[in-house]
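The values are calculated or read from the model by the stated rules, or taken from the named source; none is laboratory data. None of these values were measured; they are calculated from a predicted model. For neighbour counting, all protein chains shown are included, and Cβ atoms are generated from backbone atoms with ideal geometry for every residue, glycine included. SASA here: full protein model, heavy atoms, side chains in, ligands and nucleic acids out. Shrake-Rupley method; radii C 1.70, N 1.55, O 1.52, S 1.80 Å.
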Amino acid sequence: NTWKNDFEGKIIEKYPQVKYALKLLLKLGAKKSSMTGSGPTVYGIFEQEPKNEEVEKLFQRGDWKLFIARPIP
């Protein structure tokens with residue numbers, strides 16, 4: 001996979017909550033999870049929209065702001 005964020009490795013070493021969020025998105029069914037630029041935004045790409053209740057329930061353990069974004073047709 002050539003889609004890579006070069007900052008991600010160093011950031012997840014220093015901020016384990018970012019690693020947690022990346023893994024959590026994959027657990028929810030994301031095909032890909034990554035960071036934007038040097039952070040602080042973490043995102044997941046899904047083929048099927050996850051149930052909002054599942055997302056909110058799993059992320060409520062942290063200090064997160066959640067946004068569901070859809071591609072523009």
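From the list 30, 21, 69, the one residue that fits, being among the hydrophobic types (A, V, I, L, M, F, W, C), on the phi < 0 side of the Ramachandran plot and part of a helix (DSSP H, G or I), is 21.
Close contacts from the stretch 1-12, counting a first residue that is within 13 Å of residue 42 (Cα to Cα) and a second that is surrounded by 10 or more Cβ atoms within 10 Å (Cβ to Cβ) and at pLDDT below 80, with Cβ to Cβ under 6 Å and a gap of 6+ residues or different chains, come to 11/39. Once the stretch 16-30 is narrowed to residues that are open to solvent by 40 Å² or more (accessible area, probe 1.4 Å) and in contact (Cβ under 8 Å) with a residue 24 or more places away in the chain, the residue that is farthest from residue 54 (Cα to Cα) is 17. Residue-level analysis places residue 53 among those that are out of contact with any Gly (no Cβ under 7 Å at 6 or more places or on another chain), open to solvent by 100 Å² or more (accessible area, probe 1.4 Å) and not small (Gly, Ala, Ser). The set of residues from the stretch 34-48 being at pLDDT below 80 and open to solvent by 60 Å² or more (accessible area, probe 1.4 Å) comprises just one member, 40.
Yes/no matrix, rows are residues, columns are (1) modelled with pLDDT of 90 or more; (2) surrounded by 13 or more Cβ atoms within 10 Å (Cβ to Cβ):
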residue	(1), (2)
4	no, no
10	yes, no
14	yes, no
32	yes, yes
64	no, yes
